[in-house]
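Here the structure is laid out as structure tokens; the discussion comes afterwards.
Just so it is clear, none of the values below were taken in a lab; they were calculated from the coordinates. Here the structure is a predicted model, which means the values were calculated and not measured.
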Number of protein chains: 2
Amino acid sequence: MLQLVLSIRFTRIMNNTRFATALHILTLLADSEGEWLGSEWIAGSINVNPVVVRKELGVLIKAGLVQSRKGKVGGYYLQKSSKSITLDEVYLAVKNTEVLGKKNLLPNPNCPIGKDINVHLGNLFSDLDQLVLHELRTRTLENFVAEFH
Amino acid sequence: MLQLVLSIRFTRIMNNTRFATALHILTLLADSEGEWLGSEWIAGSINVNPVVVRKELGVLIKAGLVQSRKGKVGGYYLQKSSKSITLDEVYLAVKNTEVLGKKNLLPNPNCPIGKDINVHLGNLFSDLDQLVLHELRTRTLENFVAEFH
DNA sequence: ACTAACTGTAACAAAAAATGTTACAATTAA
DNA sequence: TTAATTGTAACATTTTTTGTTACAGTTAGT
């Protein structure tokens with residue numbers, strides 16, 4: 001029963017703008033090296049609420065991609081060079097489930113297929129996730145930013 | 001304005017159990033060749049509502065993967081052999097957006113980055129989608145079903 | 001010390017998306 | 001004619017995402 005509750009809580013998915021938002025933020029930071037950017041300014045470029053930006057920046061900070069400075073002249077700055085940031089790091093920071101989506105929670109254990117389906121789906125989902133991560137790892141933030149010039 | 005509304009309407013994503021459900025259905029059909037399965041029975045294996053199953057089957061029928069029979073001894077049957085069904089067909093049938101998620105709707109057109117971000121994100125998203133489709137194309141329903149034996 | 005301009009986060013509100021449900025017309029075998 | 005089924009619309013509910021308000025904590029400049 002506890003297991004069930006836990007699997008409900010952690011079965012989430014990537015059905016959102018978080019990757020787009022995170023990469024937008026990082027692109028802005030990479031493109032304005034030397035300056036610390038504020039959440040208000042970043043939010044103006046993405047056209048979302050500044051609090052949403054600060055929350056996402058919190059995630060990027062935890063992932064070691066961004067640093068922040070508090071106080072009057074506070075703001076955000078890349079923690080590593082854009083050359084050393086690969087897009088799989090961004091994806092891993094924001095993702096909360098697999099690319100093929102969710103599994104059904106309680107397939108029938110008395111059915112030969114239902115009994116094992118989530119194991120086999122799990123393998124498939126995991127394979128596809130690895131594939132995506134591997135590809136994203138070949139792409140750097142520097143590469144991405146260069147496309148804008 | 002109309003464009004905006006349309007882009008909202010069609011900016012959906014794969015944050016659901018539809019791929020899992022569709023593949024579960026197809027696995028059952030492939031595994032019981034010779035019999036027509038009813039939506040109630042299928043729903044019992046997945047443990048979801050029969051109407052949800054019928055809706056998803058409607059999608060698989062449109063995709064040319066399943067056929068149906070109405071009336072008293074109605075039910076569902078594969079339209080093609082499991083050997084000739086590849087998993088990209090399943091994914092294409094159920095998917096409604098790209099694997100990396102959604103883009104933000106209205107990035108600032110007065111910002112050099114915001115102005116072009118969706119074009120570049122679009123290219124990236126599309127690349128990753130192609131990668132996933134290509135991999136899924138190498139896997140058949142027959143292969144998948146074989147894992148259960 | 002005081003103020004102004006920030007970050008960090010909690011708590012809540014609103015909107016959007018996914019899933020479940022009821023109901024019933026249409027179909028078909030017996 | 002009946003019983004069992006598909007197909008689908010309409011609506012309800014739940015879950016997830018996104019937005020918002022509020023404010024404590026921090027820091028530079030006066």
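So the values come out like this:
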read-out: Reciprocal mean inverse distance between Cα atoms of the stretch B:21-149 - Kirkwood radius, Å; value: 16.7 Å
read-out: Sequence-distant lysines (8 or more away, or on other chains) whose Cα lies within less than 20 Å of residue A:62; value: A:70, A:80, A:83, A:95
read-out: Convex hull of the protein assembly as shown built on C-alpha atoms - directionally averaged projected area, nm²; value: 18.5 nm²
read-out: Over chain A, relative contact order from alpha-carbon pairs under 8 Å, at least 6 apart, %; value: 29 percent
read-out: Sequence-distant residues sharing a close amide H with residue A:37 (under 5 Å, placed H); value: A:76
read-out: Fraction of the pair-distance distribution of the stretch A:38-111 above 16 Å, Cα-Cα pairs, percent; value: 62 percent
read-out: Stretch gain in nm, segment residue A:84-residue A:70, where the contour uses 0.36 nm per residue and the Cα spacing is subtracted; value: 2.5 nm
read-out: Cα-based reach from residue B:55 at 13 Å (exclusive), listing aspartates and glutamates while leaving out same-chain residues under 8 positions away; value: B:40
